[in-house]
Amino acid sequence: MSERLHQLITEYDLEHVRADILGAVYECVSISSVAAETLPCGASKFGGVADLPAETAYPSFNGTPLSFIGQINLTEVSALHLKNNPLPMSGMLSFFYYDGDEEAVYGEPEQKDGWRVLYTDDTSGMSAQGAVSYPERRMLFKKAEKLEFRYFEQDADDERFEKLMDQLYEQLDHQLLGVPVSIQGEVFAEVAEHIDSKPVLLFQVDTDDDLDMMWGDMGMLYYVIGAHDLASKRFEKTWFSMQCY
């Protein structure tokens, strides 16, 4: 992104805040998807049926099974050799969300069972569980650099920076780690009171036509965990937010 970003800074007359902009660059994992006729058990994927150990109970909310959003095989993430990767080097993270008609789950404390993250250390004994809520597509991971949104002293700089961001990010924003792409308020600030320490973005799921996923009005799902809980693999402590336009 570096060369492209430098070009856009010049193009939008933002040279006087170049250092501030470059200081907002962060590393993350960008996630895309491709169609796949058959996937082996334990492969990273959106949708389809969750691969879980036989002894793991399928999560539910008020008696209704949660929708399976996707699963991430952490061995595939480790292979990217990120500069800072706080995730376990192996195992599986499985993500679930309640998207039923009775109630919209945005991440309120009383809705705590409306999302779930399950961690499976040993993936050798997994099998398909639950029903299909979204089409199955293979996840593809790419180490990426992205730009955190910034506000400047001059309104004109803010306007030009927004145009620069629009040029940088014309694609979907499925993401692992890094800084959330917030739509309403800052996601990390929103969940701060519910986590134990520095927030870590486990998974950001964008609205995606290929996956038949629509979160409110063109919104996103965010799964966030505190760094201490992550280090101790307490994924049941993951908090959640859904934001939309």
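The distance from the alpha carbon centre of the range 157-215 to that of the range 217-245 is 12 Å, rounded to a whole number. Charge dipole of the range 75-162 (Cα centre as origin; +1 on each Lys and Arg Cβ, -1 on each Asp and Glu Cβ, all else neutral): 800 debye, rounded to the nearest 20.
Ranked by how many other Cβ atoms sit within 10 Å of their own Cβ, fewest first, the residues 194, 6 fall in the order 6, 194. Just want the answer: with Cβ charges of +1 for Lys and Arg and -1 for Asp and Glu, which residue in 104, 169, 238 is farthest toward the dipole's positive end in the chain? With unit charges placed on the Cβ atoms, the residue in question is 238. Whole-Hz Karplus values for the range 94-103 come out as 10, 10, 9, 7, 8, 10, x, 7, 6, 7 Hz, taken residue by residue from phi with 6.51 cos²θ - 1.76 cosθ + 1.60 and θ = phi - 60°; glycine and proline positions read x. Among 207, 47, 125, which residue has its Cα furthest toward the positive end of the charge dipole of the chain, with +1 on Lys/Arg Cβ and -1 on Asp/Glu Cβ? Of 207, 47, 125, it is 125.
Farthest towards the positive end of the charge dipole of the range 2-243, among the residues 228, 62, 79, is the Cα of 79, using unit charges on the Cβ of Lys, Arg, Asp and Glu. Amide hydrogen proximity for residue 36: with H placed 1.01 Å from N in the peptide plane, the residues at 5 or more positions away or on another chain lying under 5 Å are 138.
The trypsin sites (Lys or Arg not before Pro) of the range 81-179 that meet both conditions, a loop assignment by DSSP and at most 10 other Cβ atoms within 10 Å of the site Cβ, are 83. Going from the fewest other Cβ atoms within 10 Å to the most, the residues 238, 75 appear in the order 75, 238.
Less than 5 angstrom separates the built amide H of residue 91 from those of 74, 75, all sequence-distant by 5 or more or on a different chain. Listed values for the range 105-113 are Karplus-derived 3J(HN,Hα) couplings in whole Hz (6.51 cos²θ - 1.76 cosθ + 1.60, θ = phi - 60°), namely 9, 10, x, 6, x, 6, 9, 3, 7, and x replaces Gly and Pro. Magnitude of the charge dipole for the range 2-243, about its Cα centre and with charges confined to Cβ atoms of Lys, Arg (+1) and Asp, Glu (-1), is about 1120 debye.
Given the -39500 (n - 2.57) contribution per DSSP H run of 4+ residues, what per-residue ellipticity at 222 nm results for the chain, rounded to the nearest 500 deg cm²/dmol?
Taking each H run of at least 4 residues, the total per residue is -4500 deg cm²/dmol.
3J(HN,Hα) along the range 66-77: 6, 7, 7, 8, x, 9, 10, 7, 5, 4, 5, 6 Hz, from the Karplus curve 6.51 cos²θ - 1.76 cosθ + 1.60 with θ = phi - 60°, whole Hz, x for Gly and Pro. Evaluated over the chain, the count of Lys pairs having alpha-carbon atoms less than 19 Å apart is 11 (only pairs 8 or more residues apart or interchain).
Amide hydrogen proximity for residue 240: with H placed 1.01 Å from N in the peptide plane, the residues at 5 or more positions away or on another chain lying under 5 Å are 224. Relative to the longest principal axis of the Cα atoms of the chain, the long axis of helix 155-168 makes an angle of roughly 50 degrees.
Read-outs: derived from the displayed coordinates by stated rules, not from any lab. Because the structure is a prediction, the values reported are computed rather than measured. A quick note on method: Cβ atoms are made from the backbone with ideal geometry, for glycine too, and the neighbour counts reach across all protein chains shown.
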